[in-house]
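Here is the structure we will look at.
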Amino acid sequence: MTFKNCSNPEHAEPLPATSEFFYKDKRASDGLTARCKDCLKARQRRYYKENREDRIAYQRDYNRVNQIRILRWRMRNLEHLRCYQRHYYRRRRAVILPRQRSYQQDHRTRIKNVKTP
Ligand SMILES: [Zn+2]
């Protein structure tokens, strides 16, 4: 098995040159990204943290401009969306349920006053 150094200078350990540790990149001579997956994920997280407001504003604008296109995509991919949402819920249940409970407690009177048809 061949090993490869991640190009992040803070990451010294060589890793196996496989798609388990590096993303695939058709442009690279060995077909893998220069940085390892963990370093790219960490960089992405840091970037989002530092540019959160800009990213949220960009996403909001994109969604507004592309409303029709997004709706069309959703209609064409209903099955995929349902599957994704089911898995997302299963994966994040431990976070979603307490958040829901806390919201319901905070909005008890408002929820009680909702009239159902
Ligand atoms: Zn790395």
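The values are calculated or read from the model by the stated rules, or taken from the named source; none is laboratory data. Worth saying up front: this structure is predicted, and the values here are computed from it rather than measured. Virtual Cβ from ideal backbone geometry, glycine too; neighbours counted across all protein chains shown.
Below, the figures for the structure above:
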item: Exclusive hit being touching a strand residue (DSSP E or B) at 6+ places or on another chain (Cβ under 9 Å) and of a type outside the set (A, V, I, L, M, F, W, C), set 61, 25; result: 25
item: Candidate set: segment 29-38, residues that are surrounded by 11 or more Cβ atoms within 10 Å (Cβ to Cβ) and in a loop (DSSP other than H, G, I, E, B); chosen: the one nearest to the ligand (Cβ to nearest atom); result: 36
item: Neighbours by Cβ (under 9 Å, 6+ apart or cross-chain): first from segment 32-50, under 16 Å from residue 10 (Cα atoms); second among the acidic types (Asp, Glu) and within 10 Å of the ligand (Cβ to nearest atom); result: 39/10
item: From the options 49, 41, 26, residue that is assigned to a helix (DSSP H, G or I), under 30 Å from residue 5 (Cα atoms), more than 16 Å from the ligand (Cβ to nearest atom) and modelled with pLDDT of 95 or more; result: 49
item: Residues (of a type outside the set (Gly, Ala, Ser), in a loop (DSSP other than H, G, I, E, B) and within 13 Å of the ligand (Cβ to nearest atom)) located in segment 9-19; result: 9, 10, 11, 13, 14
item: Residue in segment 85-98 that is within 16 Å of the ligand (Cβ to nearest atom), surrounded by 10 or more Cβ atoms within 10 Å (Cβ to Cβ), in a helix (DSSP H, G or I) and of a type in the set (Lys, Arg) present; result: no
item: Flag for residue 12 being exposed (fewer than 13 other Cβ atoms within 10 Å of the Cβ) and of a type in the set (Gly, Ala, Ser); result: yes
item: Flag if residue 6 is within 9 Å of the ligand (Cβ to nearest atom) and either basic (Lys, Arg) or in contact with a Phe, Trp or Tyr (Cβ under 9 Å, 6 or more places away or on another chain) (or both); result: yes
